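Here's the structure we're looking at; comments come further down.
What follows draws every value from the coordinates through simple rules; no lab data is involved. The model shown is predicted, which means the values in this text are computed figures rather than measured ones. Neighbour counts run over all protein chains shown; Cβ positions are idealised from the backbone, glycine included.
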Amino acid sequence: MTTFAPVKSSIIAIVATIFLSGTMAGAEAPDSVRPAHKLRGLEVVGVKNDPSGTAVGAPITRISGAELRRLGVDAVKGVGEIAPNLYMPDYGSRMTSSIYSRGLGARIDQPVVGLSVDNIPYLNKDAYDFSFTDVERIEVLRGARAVLNGRNTMGGQINVYTLSPLRARGFRAQAEYGTGNAARVSAGYYGSVSPQVSMGATAGWGRSDGFWTNEYTGKKTGAENQASARWKTVWRPNEALALTNTAVFGYTKQDGYPYAPVETGVVSYNDTCAYRRTTFADGLTVAWAGKRVVVTSNTSVQYMNSRMDLDQDFTTTEMFTLTQAAKEWAITEDLFTRGTRGKYSWLGGAFLFYRSTDMNAPVTFKNDGIATLIEQHRNDVNPVYPIEWDTRRFTLGSEFDLDVTGAALYHESALRLGKWTLEAGLRLDFEHTTLAYNSRCNTGYTTWHVLPDGSKELYSHTPIKIDDGSRLAKNYLELLPKLSAGFEFAPRHEAYATISRAYKAGGYNTQMFSDVLSQRIMEVMGMTQLYTLDQIVSYAPETSMNYEIGARGATSDGRVSAELTAFFIDCRNQQLTVFPPGSVTGRIMTNAGRTRSLGVELTGAWHVSDNLSLRASYGFTDATFRSYNDGRNDYRGKRVPYAPSHTLFGEVDWRIPALSFHGVTPGLDASVRGAGRIYWNEANTLSQPFYALASASVSFTASRWSLRLWAKNLTGMHYDVFYFMSMSRGFVQHGRPRELGVTLRVNIQ
């Protein structure tokens with residue numbers, strides 16, 4: 001827990017002074033400063049990038065809407081591997097949005113990569129995985145992005161931009177059908193209401209039967225139904241002012257999860273597994289550009305209502321189930337200014353957010369769970385006085401109110417000195433987190449006395465009534481500096497180096513309260529508690545020092561470009577998802593000492609001609625524990641689990657005008673993406689070797705429509721995307737099988 005001391009108050013004053021000095025610099029800039037609306041177009045001023053405009057020390061992977069459509073990418077998870085060392089495994093439900101970047105990442109709670117959609121920052125990674133429509137481009141800013149983007153961007157920042165009604169016109173529609181009885185349809189219209197106002201509205205619907213069968217029920221698992229809608233309005237009352245509002249609605253309902261025991265590989269469980277989520281977000285960007293300064297405000301309101309039902313043992317026995325229902329509201333405000341004065345440019349701002357989550361997460365013990373996990377465990381210890389539970393089902397109730405309030409000041413400056421560009425940045429982040437909880441249980445058991453002749457007599461009855469509640473609070477204060485230098489050693493060729501500090505927010509282990517409650521019950525029964533609430537309730541922020549060097553270049557005509565990046569990350573208090581000793585129902589986030597991650601990233605593109613292009617990327621990461629001892633094992637020198645050592649992507653796109661007929665041009669596209677080796681545990685005894693998935697498509701494109709026949713995982717590669725332990729038993733989810741499909745698009749302007 002961090003508290004304000006005089007020295008930290010001084011830090012706040014210093015950062016505020018730096019921020020204000022940037023504003024003054026813009027106000028005093030000469031009349032020759034170029035107005036921002038002539039620089040970029042006011043409808044995109046809300047985009048935050050380095051003040052120099054060259055993104056010194058910030059390698060970026062840009063993916064156009066056309067490439068997303070060619071690759072069949074319809075969600076953020078599909079961007080994995082295209083950007084080197086970025087891995088987003090597709091498993092579980094759309095609530096499961098694990099992201100790994102450069103050896104950093106965790107399965108639950110805080111993400112390591114930030115996400116914004118049309119300038120709306122998503123604060124909860126449970127909402128990261130959604131289907132999108134009419135995306136104009138995606139930018140993956142690789143490496144730490146803490147100064148401008150703050151918390152949870154140690155591994156990068158993903159920015160998604162949907163079509164602007166200022167550039168898109170007319171009617172667009174799409175229909176798709178593929179393996180697993182998967183179908184998607186969407187439609188949108190973009191046009192002008194007046195010379196100053198343009199609007200775009202889209203709606204989409206999709207469904208799938210899934211790819212796996214629950215052998216116990218005989219029904220498909222992983223089935224999904226989802227719907228979405230978006231309304232974007234751009235108003236430009238004059239050349240100096242632009243307002244953009246985007247409202248987004250999403251609904252998802254899924255059956256799952258396709259987890260199978262390692263020894264059988266067969267999905268078979270008896271209790272309901274499902275996920276439902278309703279989301280709404282509205283973001284307003286207001287940008288004003290004068291001759292000397294640009295002021296931008298990004299404001300958002302977000303809502304999410306979700307429910308997850310889980311057969312936590314994933315077997316056909318009546319063990320225990322979990323329901324996690326949550327309602328969440330979030331409000332964000334990002335106000336920043338930017339300007340240029342000769343060779344000096346700057347960007348400074350303030351960010352505020354509030355996030356409130358109400359969660360109800362009961363765990364229900366059933367007959368087999370009571371018999372094997374409670375009665376048998378207790379009776380093996382004291383067979384002379386065995387116990388028998390009053391009922392064959394009882395509930396461990398947990399309710400939480402989790403509130404997080406944050407504020408930040410940030411500033412970056414850039415100075416051009418001939419061929420050199422120097423950048424310096426500083427951010428001060430403050431968070432106040434509170435958790436109000438209530439844990440309860442109302443049950444009981446009977447103790448019997450076994451007589452010498454084997455008969456039993458009633459000994460006692462013990463009621464168990466637990467009703468615990470309290471309010472916890474923590475403060476976090478982080479100072480995040482950054483220094484970068486770039487050198488243009490030839491036209492369109494640059495080398496750069498960056499040093500920066502970043503962090504991932506701390507929090508509370510809400511998933512462990514049911515397990516703590518079961519430990520309390522064990523204590524009532526006269527058995528030893530393995531841990532208490534104080535021992536596992538919270539986890540600290542994860543911090544890193546990031547060192548990066550790189551070079552990028554392109555030919556004079558821009559047809560060939562390449563970038564090489566090398567990085568070293570010294571990470572403290574890395575957050576890992578583990579099952580504590582004796583845990584039955586809960587997972588916790590723990591701080592795993594110290595790790596280090598080093599690696600390289602290589603990207604390249606070659607536009608051979610207007611009709612033929614090639615693109616490739618490769619990432620290598622060596623992430624190991626420098627110090628991590630969980631009290632049972634020392635994992636020093638072991639690889640960090642779940643983050644792949646290698647990622648690979650390659651694509652060839654060829655349009656063939658020579659074979660055109662009646663205005664229809666055929667095309668071929670082939671791609672490959674791969675990841676591995678992926679270690680599944682800290683001991684590195686289990687892993688998924690490197691695998692590669694080949695995809696291909698044949699397209700026919702006319703002026704107003706296109707038809708694409710596609711195949712994913714063309715070779716039918718067998719691989720695993722997830723592994724976990726439950727009740728000392730290993731479970732996996734297999735990757736998607738071969739998929740075939742067809743997509744029709746219509747565009748009438």
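Things to note:
- When the listed pairs Lys327/Lys712; Lys48/Lys77; Lys220/Lys638; Lys366/Lys504; Lys327/Lys638 are checked against a 28 Å cut-off, the alpha-carbon distance exceeds it for Lys327/Lys712; Lys220/Lys638; Lys366/Lys504; Lys327/Lys638.
- Exposure proxy ranking for Cys441, Cys571, based on other Cβ atoms within 10 angstrom of each Cβ and starting from the fewest, stands as Cys441, Cys571.
- Under the shape rule built on the C-alpha gyration tensor, where the axes satisfy a ≥ b ≥ c, the stretch 622-705 is prolate, since a/c reaches at least 1.5 and a/b is greater than b/c.
- The stretch 244-379: relative contact order as a whole-number percent, Cα under 8 Å and 6+ apart: 20
- Crossing angle, helix 513-524 versus the chain [Cα axis fit, 0-90 degrees, rounded to tens]: 20
- Environment charge at Ala623 (Cβ cut-off 11 Å; Lys +1, Arg +1, Asp -1, Glu -1): +4
- Note on the stretch 320-452: along the principal axes its Cα atoms extend 96, 30, 20 Å, ordered by decreasing extent.
- q = 0.09, 0.11, 0.18, 0.20 Å⁻¹: log10 I(q)/I(0) that the Debye formula gives for the stretch 246-391, counting C-alpha atoms only: -0.57, -0.69, -1.07, -1.16
- Using the average count of surrounding beta-carbon atoms within 10 Å as a protection proxy, the listed peptides 378-388, 459-469, 167-177 rank, highest first, as 167-177, 378-388, 459-469.
- Distance distribution P(r), the stretch 691-739, all Cα-Cα pairs, bin width 10 angstrom from 0: 22, 30, 23, 15, 7, 2 percent.
- Ranked list, fewest to most other Cβ atoms within 10 Å of each Cβ, for Asp610, Asp390: Asp610, Asp390
- Prolate/oblate/rounded label for the stretch 104-183 (Cα gyration tensor, a/c 1.5): oblate
- The stretch 55-120 - Kirkwood radius from inverse mean 1/r over Cα pairs (Å): 13.2
- Solvent-free Debye scattering, log10 I(q)/I(0), computed from the Cα coordinates of the chain at q = 0.06 Å⁻¹: -0.39
- Oblate is the label for the stretch 75-231, because a/c, from the alpha-carbon gyration tensor with a ≥ b ≥ c as root eigenvalues, is 1.5 or above and a/b does not exceed b/c.
- Value of Rg to Rh for the stretch 168-256, rounded to two decimals, is 1.21; Kirkwood radius and Rg both from alpha-carbon coordinates.
- For Lys712, Lys327, order by how many other beta-carbon atoms lie within 10 Å, fewest first: Lys327, Lys712
- The stretch 6-748: relative contact order as a whole-number percent, Cα under 8 Å and 6+ apart: 12
- For the stretch 656-742: relative contact order, % (alpha-carbon pairs under 8 angstrom, 6 or more apart): 23
- Summed side-chain charge close to Ser398 - residues other than Ser398 whose Cβ falls under 11 Å, Lys, Arg +1, Asp, Glu -1: -2
- Net charge, His449 excluded, C-beta distance under 14 Å - Lys, Arg +1, Asp, Glu -1: -2
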